[in-house]
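Visitor: The structure follows.
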């Protein structure tokens, strides 16, 4: 996507739950692009992102792990 390091194909896979964003910086860039500026919203979403990568030993592939996913 223009203005970020995330390609449109990667974003499409993230939106479909097929992969996660590779880095916190990618999420920050997308939030800025989407106009998400409320500090508590940004902090919450960054926390969810970090926890989703650690959840189930990092085996979840989506930004938000689905219940029962590994």
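Values quoted throughout were computed directly from the atomic coordinates according to the rules given, and no laboratory measurement underlies them. Just so it is clear, the model here is predicted, and its values are computed rather than measured. Please note: Cβ atoms are built from the backbone with ideal geometry, for glycine as well, and neighbour counts cover all protein chains shown.
Visitor: Ranked by Cβ crowding within 10 angstrom, fewest neighbours first, how are 52, 40, 5 ordered?
Guide: In increasing order of surrounding Cβ atoms, one gets 40, 5, 52.
Visitor: What does the C-alpha gyration tensor say about the overall shape of region 8-57? Classify as rounded when a/c is under 1.5, otherwise prolate if a/b is larger than b/c, or oblate.
Guide: Verdict is oblate for region 8-57.
Visitor: Under the 0.36 nm per residue contour assumption, what length would be gained going from the current alpha-carbon distance of residue 33 and residue 47 to full extension?
Guide: Here the segment from residue 33 to residue 47 would lengthen by 3.2 nm.
Visitor: Taking the Cβ-Cβ separation of residue 40 and residue 4 as r and a Förster radius of 35 Å, what is the calculated FRET efficiency to the nearest 0.05?
Guide: Efficiency for this residue pair is about 0.95.
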